[in-house]
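Colleague: Attaching a single structure in structure tokens format; questions to follow.
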Amino acid sequence: EADIYQTPRYLVIGTGKKITLECSQTMGHDKMYWYQQDPGMELHLIHYSYGVNSTEKGDLSSESTVSRIRTEHFPLTLESARPSHTSQYLCASSDLGESYEQYFGPGTRLTVT
Amino acid sequence: RKEVEQDPGPFNVPEGATVAFNCTYSNSASQSFFWYRQDCRKEPKLLMSVYSSGNEDGRFTAQLNRASQYISLLIRDSKLSDSATYLCVVTPLSGGYNKLIFGAGTRLAVHP
């Protein structure tokens with residue numbers, strides 16, 4: 001079992017609120033990722049990180065921001081939530097080596113009303 | 001055109017059946033290939049890597065056809081527990097950050 005955790009698992013929040021989705025892993029992985037997935041659709045990469053103090057935007061434009069101050073922690077923040085942000089957010093991590101296997105957290109299902 | 005295309009299904013099969021999924025990818029320079037499994041409302045998990053020579057893991061067989069740019073997954077003797085969405089995943093030639101490109105998935109429903 002992968003040791004990667006996300007909180008909260010479910011979040012219903014009103015428009016305009018600031019939210020932070022937490023992601024932590026205990027595997028010592030350098031690389032971490034945030035994906036967005038709508039029901040029945042593919043995962044889209046929105047942010048990734050090579051390691052501490054490294055963050056990059058992914059393929060799908062997102063109004064969210066991320067930080068990587070500690071290896072094990074990769075939180076995602078939305079300054080002002082909107083209904084268009086309603087989606088599932090999945091965090092993942094992988095080893096620095098050549099393995100392409102990514103380990104996913106259980107996801108946060110966000111609903112913005 | 002999507003980089004990775006899959007038939008969304010669902011494939012409804014009885015227990016014990018053999019079922020096969022195909023996936024096509026558009027970038028001929030794609031380097032590595034995988035099948036991930038995603039249960040309903042759960043996170044994706046790696047099922048198996050796909051090698052040029054083909055590979056087998058128990059009831060699961062994966063094949064790669066680079067010339068035609070497609071990947072297949074064959075499941076023999078289907079079990080109820082195989083019901084899930086199967087995601088075809090490819091990596092580009094240069095990703096730098098272990099980039100994975102996911103298909104939207106093929107849904108499998110195995111019934112008694």
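Throughout, read-outs are computed from the coordinates displayed, never taken from laboratory work. Note that the structure is predicted; figures quoted are calculated from it, not measured. Neighbour counts are summed over all protein chains in view; Cβ atoms, including those assigned to glycine, are modelled from backbone coordinates with ideal geometry.
Colleague: In peptide B:35-46, what is the residue-averaged number of other protein chain Cβ atoms found within 10 Å of each Cβ?
Modeller: Values: counts 0, 4, 0, 4, 0, 1, 5, 4, 16, 9, 6, 7.
Averaged over the peptide's residues, the number is 5.
Colleague: Please give me, ordered by residue number, the trypsin sites (Lys or Arg not before Pro) of segment A:1-77 that lie in loop per DSSP and have at most 15 other Cβ atoms within 10 Å.
Modeller: Passing both the DSSP loop test and the Cβ count: A:ARG9, A:LYS17, A:LYS18.
Colleague: Each residue of segment B:18-30 in order: what ³J(HN,Hα) in whole Hz does its phi give by Karplus 6.51 cos²θ - 1.76 cosθ + 1.60, θ = phi - 60°, with x for Gly and Pro?
Modeller: 9, 9, 10, 10, 10, 8, 10, 10, 8, 8, 5, 8, 4
Colleague: Let me confirm one metric for peptide A:40-48, namely the mean number of other chain beta-carbon atoms within 10 Å of its residues' beta-carbons.
Modeller: So the per-residue partner count for this stretch is 5.
Colleague: For chain B, set up a GNM with springs between Cα atoms under 10 Å and report which of B:ARG59, B:ARG41, B:ARG76 has the largest fluctuation.
Modeller: Largest GNM mean-square fluctuation: B:ARG41.
Colleague: Past 24 Å, Cα to Cα, is the threshold; run B:LYS79/B:LYS99; A:LYS31/B:LYS42; B:LYS45/B:LYS79 against it and keep the listed order.
Modeller: B:LYS79/B:LYS99
Colleague: I would also like to ask the following. Which of A:LEU45, B:LEU74 comes first, and how do the rest follow, when ranked by fewest Cβ neighbours within 10 Å? Mind showing how you got there, number by number?
Modeller: Details: A:LEU45 21, B:LEU74 15.
Going from least to most buried by this count: B:LEU74, A:LEU45.
Colleague: How well do other chains shield peptide B:99-106, expressed as the mean number of their Cβ atoms within 10 Å of each residue Cβ? Spell out each step's value before the answer.
Modeller: Details: counts 7, 9, 5, 7, 2, 6, 5, 0.
Average neighbour count from other chains, rounded to a whole number: 5.
Colleague: A further question follows. Taking the simple approach of a point 7 Å from Cα along Cα-to-Cβ for both A:ARG70 and B:ASN12, what is their distance in nm?
Modeller: Modelled inter-label distance: 5.0 nm.
Colleague: Sorted from largest down, what three extents in whole angstroms do the Cα atoms of chain A have along their principal axes?
Modeller: Dimensions of chain A along the principal axes of its Cα atoms: 41, 29, 24 Å.
Colleague: Tell me which residues come under 5 Å, amide H to amide H, from A:THR86 once H is placed; ignore anything under 5 positions away on its chain.
Modeller: Under 5 Å from the amide H of A:THR86: A:VAL112.
Colleague: Could you give me the ³J(HN,Hα) list for segment A:34-41, computed from phi with Karplus coefficients 6.51, -1.76, 1.60 and θ = phi - 60°, whole Hz, x at Gly and Pro?
Modeller: For segment A:34-41, the Karplus-derived couplings read 10, 10, 10, 9, 8, x, x, 10 Hz, x marking Gly and Pro.
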